[in-house]
1. How many residues are buried (at least 24 other Cβ atoms within 10 Å of the Cβ) and of a type in the set (Gly, Ala, Ser) when one looks only at segment 66-89?
2. Check Met294, Met323 and return the single one that is over 16 Å from the mean Cα position of the chain (by Cα), part of a helix (DSSP H, G or I) and either under 30 Å from Ala204 (Cα atoms) or in contact (Cβ under 8 Å) with a residue 24 or more places away in the chain (or both).
3. Given Leu396, Leu453, Leu443, which one is more than 30 Å from Thr159 (Cβ to Cβ) and either surrounded by fewer than 17 Cβ atoms within 10 Å (Cβ to Cβ) or touching a residue at least 24 places away in the same chain (Cβ under 8 Å) (or both)?
4. Taking segment 362-379 as the region of interest, how many residues are closer than 17 Å to Val312 by Cα and either touching a residue at least 24 places away in the same chain (Cβ under 8 Å) or among the aromatic types (Phe, Trp, Tyr) (or both)?
5. With the condition kept exactly as written, say whether any residue in segment 206-221 is buried (at least 17 other Cβ atoms within 10 Å of the Cβ) and closer than 30 Å to Phe389 by Cα.
6. Might you check whether a residue that is over 24 Å from Arg72 (Cβ atoms) and part of a helix (DSSP H, G or I) occurs anywhere in segment 426-443?
7. Is there a residue being within 30 Å of Val312 (Cα to Cα), surrounded by 23 or more Cβ atoms within 10 Å (Cβ to Cβ) and in contact (Cβ under 8 Å) with a residue 60 or more places away in the chain anywhere in segment 399-406?
8. So for segment 330-346 (the condition being buried (at least 18 other Cβ atoms within 10 Å of the Cβ), out of contact with any Ser or Thr (no Cβ under 8 Å at 6 or more places or on another chain), modelled with pLDDT of 85 or more and not in a helix (DSSP H, G or I)), does at least one residue qualify?
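The values are calculated or read from the model by the stated rules, or taken from the named source; none is laboratory data. All values derive from a computational prediction rather than experimental measurement. Reconstructed Cβ throughout: ideal geometry from the backbone, glycine too, with neighbour counts over all protein chains shown.
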Amino acid sequence: MSDKTLSPPLSASPVSAATGPAQSGPAPAPKPGWREVWRVYSEAATLRMLLLGFSAGLPLLLVFGTLSFWLREAGIDRTTIGYLSWVGLAYGFKWAWAPLVDRLPIPLLTRWLGRRRSWLLLSQMVIMTALVCMALTDPKLALLPVVWCALAVAFGSATQDIALDAYRIESADTQRQAALAAAYQTGYRMAMIWSGAGALWIAARAEVVGVTSYQHGAWQAAYLVMAASMLLGVVTVLCSPEPQRRELPPSKNAADWLRGALIEPFADFLRRYGRQALLILGLIAVYRISDVVMGIMANPFYVDMGYTKDEVATVTKIYGVIMTLVGAFLGGGLAMRFGVMKVLMLGAVLSAGSNLLFAWLGTRGHDVTSLIFVISADNLSSGIASAAFIAYLSSLTNINYSATQYALFSSMMLLLPKALAGYSGRFVDAFGYSNFFTGTALLGVPVLLLIGLASRSKTTPAQ
């Protein structure tokens, strides 16, 4: 949102995402005061990112956590559910078509809405259509159609992420990226609560009273409501301004276009960060590994522990919302005040620690009070970690290749974790939930080492 209403930058000399970290020059301006930090959250661009974040976060659980709850109720075994999480690898390979989203116009739509908003609208239409198709299919009778629909949702969602990440990065100066990331993450997490707890609550309300067996109609109602919820993103896109258009150099021929679209974004990153590029990419690849691998088995865990849809929905809806808001805004504010790397370290420690709480929860039996505590802690830690991590990824991009480079980073963030998560069901079947949750916490240990090394790097863009 190259928004004309944005007030002046918080710092007189922010690090430029287009040129990489500054290597020399005048000393950086003092960190903004707390009043300046919190005022950014009331700006139109930040509020708009809150709504678009909701649109981005809504599809995720509908092909992961919520779907796993549905499949488990339908009698699908845990190993199969684990393998089906590989649908999420669509997010891990979105860098492959990101250059098209970055440069290819959509007939009619791009002329009407602009490059970023046209891709946003198209991807939202794909998501809504696929969710309706999922709602009309019963996995107990035919699992394969549900899988294909889930793949379509994941593909549409990944495409929306590409366009939206570019839209966000092009919307404000580097100093404001932490605030936009916090607003985006808050909307994203609230959408996940709606598509998680909200979907469970709707399914519970739609069940026929007195029937204790699996009811497809309840899940059909829930997924139709989720499809309709995507209209919030559609309306926001239609009412939002297109970021200021950045003219790309004309291509002499097809080979020149492919070089500029496919090769140059990656070559630019390697030129700017040199030998430190591998360290940065390694950190990106494993930062969220504890959360992602654990998350696939969370809902099957709730089912197997005897928690009802209503109990999980209520706890997540109340305590999850509160702690998500606190975590995301706290993470964004701390990153702006003290620097991204310090908050990255804090988020990594908290994320791994919250997984140990799930292992402890497994020893408590059907204990709703303990469930409240664990879900609250998990949402708080995830909010802090995610807000800082998004700001870190944004600081790495060259604004001339924002969609492609950010897609590469966010794809790497999910590729290894999603690949490992596919085996989560088999691990639980073989070793139990307690060992699984403890193992996912230990996966976070190498992350701490990589953050420490990256913090010492002279090319680290956000300190």
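1. Looking only at that region, the number is 3.
2. Met323
3. The match here is Leu453.
4. Total meeting the criteria: 12.
5. no
6. Of segment 426-443, the ones over 24 Å from Arg72 (Cβ atoms) are 442.
From what is left, the residues that are part of a helix (DSSP H, G or I) are 442.
The answer is yes; a qualifying residue exists.
7. No, segment 399-406 contains no residue that is within 30 Å of Val312 (Cα to Cα), surrounded by 23 or more Cβ atoms within 10 Å (Cβ to Cβ) and in contact (Cβ under 8 Å) with a residue 60 or more places away in the chain.
8. Looking through segment 330-346, none of the residues is buried (at least 18 other Cβ atoms within 10 Å of the Cβ), out of contact with any Ser or Thr (no Cβ under 8 Å at 6 or more places or on another chain), modelled with pLDDT of 85 or more and not in a helix (DSSP H, G or I).
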